[in-house]
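Trainee: To start, I am sharing the structure in question, which I have written as structure tokens.
The values are calculated or read from the model by the stated rules, or taken from the named source; none is laboratory data. Keep in mind the model is a prediction, meaning the values are calculated, not measured. Note that we place each Cβ from the backbone using ideal geometry, even for glycine, and neighbour counts take in every protein chain shown. All accessible areas refer to the heavy atoms of the entire protein, side chains included, with ligands and DNA or RNA removed. Shrake-Rupley method; radii C 1.70, N 1.55, O 1.52, S 1.80 Å.
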Amino acid sequence: MSGEIGYGVTLSVSDAFPAVTPTNTVGNVTNVTPPNPTRDIVDITSASSPNMAREFIAGLIDYGEASIELNWNPGDAADVLMRAVALERSPRTYRLTWTQMNPDVTCTFQAFLTGFDRSSPMDDKMTGTLTLKVTGAPVWA
């Protein structure tokens, strides 16, 4: 049987840029969408393209955004850290760790915090969603 559940995934963030090792753990993670690549395709068709057919080459890769949902606790360490990071103009280093794998699987990447959406419903848990715009290529290990 194959397949796993996402239980045990953690998020860590570096103290500052360009720190390589993320040391601050952001707790209460409930859902993670890691960086996912898309590749641009560049049209190189010319008036002399064979058979009047369009021609293309592979362009640059964009690793998009990572999204992390968490149980939000106003004023806790993660809330204070993410509110501060949201004001920064430099990326930080982030690491997702899937601790249920043996050995752990990690995805380390640099990103800008572009969104920190929080919700405080009257009759349900408070939640937060971090949106991270990835810059460069993630490293999976």
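Trainee: Please go through the range 1-50 and pick out each residue that is among the hydroxyl-bearing types (S, T, Y) and assigned to a loop (DSSP other than H, G, I, E, B).
Mentor: Scanning the range 1-50 gives S2, Y7, S14, T21, T23, T45, S46, S48, S49.
Trainee: Cβ-Cβ distance below 9 Å, separation of 6 or more or different chains: which pairs start in the range 21-50 with a residue that is hydrophobic (A, V, I, L, M, F, W, C) and end on one that is open to solvent by 60 Å² or more (accessible area, probe 1.4 Å) and assigned to a loop (DSSP other than H, G, I, E, B)?
Mentor: Qualifying pairs under 9 Å: I44/R54; I44/E55.
Trainee: Here's a follow-up. So, A77, is that one under 20 Å from T127 (Cβ atoms), out of contact with any Asp or Glu (no Cβ under 8 Å at 6 or more places or on another chain), surrounded by 11 or more Cβ atoms within 10 Å (Cβ to Cβ) and at pLDDT below 95 or not?
Mentor: Considered against the rule, which asks whether it is under 20 Å from T127 (Cβ atoms), out of contact with any Asp or Glu (no Cβ under 8 Å at 6 or more places or on another chain), surrounded by 11 or more Cβ atoms within 10 Å (Cβ to Cβ) and at pLDDT below 95, A77 comes out as yes.
Trainee: Please count how many residues of the range 75-130 are assigned to a strand (DSSP E or B) and in contact (Cβ under 8 Å) with a residue 40 or more places away in the chain.
Mentor: Going through the range 75-130 one residue at a time, the tally reaches 19.
Trainee: Sticking with this one: Looking only at residues that are part of a loop (DSSP other than H, G, I, E, B) and either touching a strand residue (DSSP E or B) at 6+ places or on another chain (Cβ under 9 Å) or farther than 30 Å from R39 by Cβ (or both) in the range 51-74, which one is least open to solvent (accessible area, probe 1.4 Å)?
Mentor: So the residue we want is G64.
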